[in-house]
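All remarks here apply to the structure that follows.
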Amino acid sequence: MKFPIRRKIFFLTAILSLAFIVVSVSVSSIIFSIRSKANVMSLCQSSAERIASEMEDEHGDFIQKYKEKMVERYNKNYEDIEHYSDMPVDDESFNEIKEYFDDLVADWFPPKTGFGMSYEMLEFKNNYEDTLRKLDLVASSEGMMGGFICLYDAERNNFVYMVDSTSNVSYHYNFPCSIERVRNPELVDALDAGMPKTLAGREDIFSVFPIKDKEGNVMAYVGFQYSMVNLESTQSSFILTLVAIMIVATIAMVIVYLLFSDKFLVKNIQKLSDTAIEFSSKLERNEKPEVLSPDIKTKDEIGALSNNFVMLQNRMLDYINDIETKTAQEERMQAELSIASKIQLESLPTKPLVGDKFRIRSFIRPAKEVGGDLFDYFMLDENRLFFVIADVSGKSVPAALFMMRGNELIRSCAKRGMSTEEIAEYVNNELCRNNKEGLFISSFIGIYDLNTNVLKFTRAGHEQPFILRNGVADKISEESNFVLGALPNFRFTEDSIVLEEGDKILLYTDGLNEGINSSNEEFDYDRIKEGLEKGSSDILASLFSSLSSFTEGMEQFDDVTMMLLEIGKFGRIELKNPKYEDIPVVTDKVFSIIEGADGDKKSEMGVILDELINNYISYAFTDVSKPELVMDISISGDDMIMTFTDNGKLFNPLTSEAADVDVDISERKMGGLGIMMVREFTQKMEYDVIDGKNRLTIYKTLR
Amino acid sequence: MESTFKKENGTLTAVISGRLDTVTSQELKEALDKEGCENVDIDLDFTDVEYISSAGLRLLLALQRQVMETNNKLVIRNINKVVTEVFKVAGFNKTFTIL
């Protein structure tokens, strides 16, 4: 049902009304039955008293005369009278009884027509009819069975009827001069004393009142009879009427109540509910929110609720506006921060720097917030490589700005030809000036001489780098100087180390070693050492992936910056929009890098390069607008690792189907043959995706 | 890649040197077409060929099909270690006449 509250109100009202009807009808019928019996008794009594008094006033003589005649007949014919009076009345006996009593009084009872009557008789007739009419008038108007006038024979305890208003065709009719025995002792006592009496019997209510002559003697009695059957039927018709009225009244009341509750309660609640639904769906649809009034005009609790609801909407819209404003502000701040972060990153070198005898490259994964990590590397002259890695205390924009200032200072000092300790000293003093924020920079500054293989460095409060030599990783630079920007005029000292071919120096910021896992453990130096010693063609990517799986599920809190300096034979060839004509050029360059390799190995390398580059141009770059292929070569001893990184569509050549070389020559397709050649001439091949680019790594021995 | 040609007695003899890769195979094909390599036996001297890639193999396959159609012969001579290896990988040692 759509409106259960309506149903509830309806059922509750109906049940209460029914209970009300039942209770009130039963109570009122009880009260009525008690009241009405008493009423009827007093009615009978007062009617008898009134008629008795009227009889005394107007018909005293008539009654006196009538009584004398009656007494005479009664005494004379008592046995017959008794016989006929006691005879059970039915259709047969009625006429016989009537005939007897009519005959008994015929000589002095006037005929129906007044023709030829004596004056005396006429007077008797008039009086009789008058009396009868009065009795009848009272009886019929009050709903009684009838009224009568009778004598009382105290000796025999008999009523002797004189006038009876009950219709004389009814069996209840008492013929003049007929008798009825008085058996009720209370009535007998009253009649003996000449007192009025009212009695309620099982069948009727009965009241008699004495008619007295002028001397006060009782002449006769006036009696009225009220049938109990009549009373009961009146009572039941009263109750029926009452019930009917109550049902009608209750139904009307219920309807009025329901209409009222519907109008003021259910409909208003429905309105409230509809408004709430509309409001919330508007919010959901992101329509322009506005306050909706439920259109409830009553001033009751529902009206108050409606007003409160409007108030609530106002508050909610205010709140939403607030949030939107704040979100917009936050978004703007976030955008500014990301621009700051981008500017910061753009000032750092993005590409590896590769010389004949070294390669230096970096890896940075900034945290969400702008951080203060920096690194830089460039050649000071033909033979000297300068590099620095640093971390500014603090985060966000101030740290980034401080970092940029530090970076510019370090770079310009390095370009002026200063040694690492001089750079540190100068930059320290510069940063100490006006450093109200109290920021400082930890850094590692190094200059590597390619001729002497000596690396000179100054460590200023920075993490100790690792050196990987002959498969073992160790920290270098035991003693540190103080951080930059904290103590003016600090005396920095330079240290040095001789590097050998195959050495790898890992520099990093604390984002690496202080990476936290879900158990609050740090990544720490042991895992770095382990990662280095494990060996990989791409140490930086491999270390970061170890860190990522270690800190799984945690937000990256700090920038992760790493820099790797590798000593050995390196080469890097970048091809933009490669064409087939580039193949011989690349081949010549590679041959010069791997100079000293066996002739056959060089030829094999030639096959490899032709197959791969041909493949890139023919397939990988067909739908790429700015194709780029970068080849990195690193040689350590007799072993060469060469990576091919391309921005073509992602494709793993190692899973491509091998060509079927056993098929007859005329049906043979060449696809897949190239990669088979490459496989044939390499020791190992690997494929992965790095920064959304394909990377193929081949391992080849050169002797 | 360098190539010299000699045509006598219905045989085209080509002496090839250097690399046979994507670029040079195309050059060799053009040179052979220019010399007229149809309805002749072809004798390729690979003594000075450094290496051959699959692009070169494609050219050799095309030549082989061509001579087979006219019942001529294709002979490849004096292949070095790397070329031998390439031929082996491609299954060429089974279908070509290599002397």
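Computed from the coordinates by the stated procedures, all read-outs in this text should not be read as laboratory data. Here the structure is a predicted model, which means the values were calculated and not measured. Note: ideal-geometry Cβ built from the backbone for every residue, glycine included; neighbour counts use all protein chains shown.
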**Q.** Beta bridges per DSSP with both ends in the protein assembly as shown, % antiparallel, nearest 5
**A.** 85
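Exactly which trypsin sites (Lys or Arg not before Pro) in the stretch A:149-210 are in a DSSP loop and have at most 11 other Cβ atoms within 10 Å?
Numbers: sites: A:R156, A:R181, A:R183, A:K197, A:R202; in loops: A:R156, A:R183, A:R202.
Those satisfying the criteria are A:R183, A:R202.
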(Q) Rounded, prolate or oblate for the stretch A:570-701? Axes are the square roots of the Cα gyration tensor eigenvalues, ordered a ≥ b ≥ c, and the cut-off for rounded is a/c under 1.5. (A) oblate
Q: Report, largest value first, the span of the C-alpha coordinates of the stretch A:40-235 along each principal axis, in whole Å.
A: 49, 43, 34
Q) Quick one: putting +1 on the C-beta of Lys and Arg, -1 on the C-beta of Asp and Glu, what dipole do you get for the protein assembly as shown around its Cα centre, in Debye to the nearest 20? A) 2380
Q: Pairs of Cα atoms under 8 Å, at least six residues apart: use those to get the relative contact order of the stretch A:1-147, whole percent.
A: 18
Q.
Once each part is reduced to its C-alpha centroid, what is the distance from the stretch A:78-104 to the stretch B:43-68 in angstrom?
A. 162
Q: Just the number, please: percent antiparallel of the DSSP beta bridges in chain B, rounded to the nearest 5.
A: 30
**Q.** Span-like helix ranges in chain A, DSSP H, alpha carbon extent 15 angstrom or more, Kyte mean at least 0.5
**A.** A:4-58, A:228-261, A:539-550, A:582-593
Q: At most 16 other Cβ atoms within 10 Å and a DSSP loop assignment: could you name the trypsin sites (Lys or Arg not before Pro) in the stretch A:430-525 that fit?
A: A:R433, A:K436, A:R491
Q) Using 7 Å Cα-to-Cβ label points, what is the A:M379/A:E501 separation (nm, one decimal)? A) 2.0
Q.
A 24 angstrom limit on the alpha carbon distance is what I want to check against. Which of B:K7/B:K73; A:K415/A:K529; A:K602/B:K94; A:K8/A:K263; B:K6/B:K94 exceed it?
A. A:K415/A:K529; A:K602/B:K94; B:K6/B:K94
Q) Which FRET efficiency value, to the nearest 0.05, is calculated for B:R65 and A:D598 with the Förster distance at 35 angstrom and r the Cβ-Cβ distance? A) 0.50
**Q.** In the stretch A:294-372, the GluC sites (Glu not before Pro) that fall in loop regions by DSSP, at most 14 other Cβ within 10 Å
**A.** none
**Q.** Partners for A:K67 among lysines (Cα-Cα distance below 29 Å; same-chain residues under 8 apart left out)
**A.** A:K76, A:K98, A:K112, A:K125, A:K134, A:K197, A:K212, A:K214
Q.
Below 8 Å, C-alpha to C-alpha, sequence gap of six or more: please give me the relative contact order for chain A in percent.
A. 8
(Q) For a Förster distance of 45 Å, can you work out the FRET efficiency between the beta-carbons of A:E99 and A:S42, rounded to the nearest 0.05? (A) 0.70
Q. Using a basic spin-label model with each label point 7 Å from the Cα along Cα→Cβ, how many nm lie between A:R183 and B:K34?
A. 16.3
Q) Label A:V22 and A:E581 with points 7 Å out from Cα along Cα→Cβ: what is the distance between them in nm? A) 11.0
Q. Using the count of nearby Cβ atoms within 10 Å as a rough guide to exposure, how do A:S261, A:S519 rank from fewest to most?
A. A:S519, A:S261
Q. What is the Rg over Rh value, at two decimals, for chain A, using alpha-carbon atoms and the Kirkwood definition of Rh?
A. 1.68
Q.
Can you compute the FRET efficiency between A:T655 and A:L317 using 1/(1 + (r/R0)^6), with r the Cβ-Cβ distance and R0 = 45 Å? Round to the nearest 0.05.
A. 0.20
Q) Which of the aspartates and glutamates could a cross-linker span from A:K589 if the Cα-Cα distance has to be under 14 Å and same-chain partners fewer than 8 positions apart are dropped? A) A:D356, A:E574, A:E581, A:D610, A:D632
**Q.** Projected area averaged over orientations for the stretch B:2-98, convex hull of C-alpha atoms, nm²
**A.** 5.3
Q. Put +1 on the Cβ of each Lys and Arg and -1 on the Cβ of each Asp and Glu in chain A; which of A:M554, A:F32, A:L151 then has its Cα farthest toward the positive end of the dipole?
A. A:M554
Q: Go ahead and estimate [θ] at 222 nm for chain A from helices alone: -39,500 (n - 2.57) per DSSP H run with n ≥ 4, summed, over the residue count, rounded to 500.
A: -16000 deg cm²/dmol
Q: Quick one: angle between helix B:54-69 and the longest Cα principal axis of chain B, in degrees between 0 and 90, rounded to 10, please.
A: 30
Q: Could you run the Karplus curve 6.51 cos²θ - 1.76 cosθ + 1.60 with θ = phi - 60° over the stretch A:620-625 and give me ³J(HN,Hα) per residue in whole Hz, x for Gly and Pro?
A: 5, 9, 4, 10, 10, 6
Q: Please work out how much length the chain gains when fully extended from A:L348 to A:F32, using 0.36 nm per residue of separation minus the C-alpha to C-alpha distance, in nm with one decimal.
A: 102.8 nm
Q: Rounded to the nearest Å, what's the spacing between the alpha carbon centres of the stretch A:451-477 and the stretch A:249-282? Just the number, please.
A: 84
Q: May I ask you to list the lysines whose Cα is less than 23 Å away from that of A:K395, ignoring any residue fewer than eight positions away on the same chain?
A: A:K326, A:K342, A:K368, A:K436
**Q.** Sorted by Cβ neighbour density within 10 Å, fewest at the top, the residues A:I323, A:I410, A:I617
**A.** A:I323, A:I617, A:I410
